[in-house]
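To start, the structure under review is shown below, and the notes come after it.
Only the coordinates and a few stated rules stand behind these numbers; no lab work does. Note that this is a predicted model, so its numbers are computed, not measured. Here the Cβ is made from the backbone with ideal geometry for all residues, glycine too, and neighbour counts use every protein chain on show.
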């Protein structure tokens, strides 16, 4: 699992198996799934971006769960500033800036070894020497400002560097090649709107820079990863099961409970979806039991997507006294969870026909059901029900809606 943050103090995490992206909604342990699968997350003032695990293609989160737009191909590195996303070509020869529209990118420089971005701007290292330069805002206009470093971090106002031997932390003065020593040693640097943080090279303990050279305060223990938002520092526990938020005081941290500790691996989740979308009365009853648990607010260890638009208006949810709502809800469940687990291509090849056939089964069951002790619905109405059921089924087979 890894964590990242974007403007507006929003925190995101990738599950340990890289099948899902989650957003923390505030309020203790309240996480919701917003996408996935994902290889890496990149966040900053310009938004949240994720790479596709197999191809490396990069997409932008559009702000609504599971709404992502592919905007570019794979890159050796990406960086986010307050206003822009930047990418480094796979061969590290070209730095490009996403225009913010479609898949259009503008070449602004290169070659580069790494990109570092934040509120203070975009910086890139030279691939052979490691020297660092600042982008001046015009394509191919760069100024070398310093030598190689073991790590760099960008806050809203400053660029910080860690010497190659990790003994010294320095702050760029903002002019020329002047740097000021402010601390050290350190293992890693982490920067953002909330400030500069550094880990101790041996223990991994994390400290905050207090703004005056050599003035640092230890605030926490080691973590597998850290993320800095405008106002907060978040840490991922060494075993990658728990996300914590530093309160801003002393060494006090609040658990935000890592999504990996409660949500099972994708293969187990896939197996459970298979069970709930199997033909037959037993699987149907299992489905209703699970749906009832969700509606009653019981914990969902699988993190299923329960969203539904029922029977897709203008198609009615009921016809001639026969209610298709449950069939449509189950169909939505199958489509949405298989898509999240498998991805669109694999879903279309391996799971779509299965979910559609269960949809027809559930529609047929409703049309054939008889009320007890008296059923006012006629055989003619049952025939009408089946005609509509077949239309619904044919529509989803053809369009893949759900």
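Can you work out the PRE-style zone for residue 230? Point 7 Å along Cα to Cβ, and I want the residues of the stretch 190-204 with backbone N under 15 Å. Under 15 Å, as judged by backbone N against the label point of residue 230, lie 192-195 of the stretch 190-204.
Taking a virtual spin label 7 Å from the Cα of residue 371 along the C-beta vector, which residues in the stretch 301-331 bring their backbone nitrogen under 19 Å of it? Label zone hits: 317-327. Computed packing ranks the peptides 88-95, 341-348, 220-227 as 220-227, 88-95, 341-348, most packed first, by mean other Cβ atoms within 10 Å. Between residue 251 and residue 357, residue separation times 0.36 nm minus the direct Cα-Cα distance comes to 32.6 nm.
Between residue 202 and residue 17, the simple spin-label model (points 7 angstrom out along Cα→Cβ) gives 4.0 nm. The distance separating the Cα centre of the stretch 325-402 from that of the stretch 232-250 comes to 45 Å. Remark: 40, 97 ranked as 40, 97, counting other beta-carbon atoms within 10 Å and listing the fewest first. Computed from the C-beta positions of residue 349 and residue 82 and an R0 of 45 Å, the FRET efficiency is 0.65 to the nearest 0.05. With a ≥ b ≥ c taken as the square roots of the eigenvalues of the C-alpha gyration tensor of the stretch 113-213, please select rounded if a/c is under 1.5 and otherwise prolate if a/b is larger than b/c or oblate if it is not? Prolate shape, in that a/c is at least 1.5 and a/b is the bigger ratio. Neighbour counts of C-beta atoms inside 10 Å place 393, 61 in the sequence 393, 61, starting with the fewest.
Going by a ≥ b ≥ c, the root eigenvalues of the Cα gyration tensor, does the stretch 2-261 fall in the rounded group (a/c under 1.5), the prolate group (a/b larger than b/c) or the oblate group? Oblate. Length gained on full extension, residue 73 to residue 380, computed as 0.36 nm times the residue gap minus the Cα-Cα distance: 104.9 nm.
For the stretch 266-399, the relative contact order is 24 percent, taking Cα pairs closer than 8 Å that sit 6 or more residues apart in sequence and dividing their mean separation by the residue count. Full extension of the segment from residue 148 to residue 387, taken as 0.36 nm per residue of separation minus the current Cα-Cα distance, would add 78.8 nm. Modelled spin-label separation between residue 325 and residue 222, with each label point placed 7 Å from Cα along the Cα-to-Cβ direction: 5.4 nm. Helix 352-368 and the longest principal axis of the Cα set of the chain meet at an angle near 30°. Each peptide in 156-169, 323-336 gets a packing score, the mean of other Cβ atoms within 10 Å over its residues, and the list from highest to lowest is 323-336, 156-169. Note on residue 364 and residue 298: with the Förster distance fixed at 30 Å, the Cβ-Cβ geometry gives a FRET efficiency of about 0.50. Could you work out which residue, out of 240, 368, 175, moves most in a Gaussian network model of the chain, that is, has the largest mean-square fluctuation with Cα springs under 10 Å? Comparing 240, 368, 175 in a Gaussian network model of the chain, the most mobile one is 175. Ranking of 108, 391, 243 by neighbouring Cβ atoms within 10 Å, starting from the fewest: 391, 108, 243. Axis angle, to the nearest 10 degrees, between helix 266-276 and the longest C-alpha principal axis of the chain: 10 degrees. Take every pair of alpha-carbon atoms less than 8 Å apart whose residues are at least six positions apart; their mean separation over the length of the chain yields a relative contact order of 9 percent. Dividing the summed helix terms, -39500 (n - 2.57) for each DSSP H run of n ≥ 4, by the number of residues in the chain produces a 222 nm estimate of -7500 deg cm²/dmol to the nearest 500. When the chain is treated as a Gaussian network with alpha carbon springs shorter than 10 Å, the biggest mean-square fluctuation among 253, 98, 372 belongs to 372. Axis angle, to the nearest 10 degrees, between helix 379-399 and the longest C-alpha principal axis of the chain: 30 degrees.
Packing-based ranking of 192-202, 283-293 yields 192-202, 283-293, ordered from highest to lowest mean Cβ neighbour count within 10 Å.
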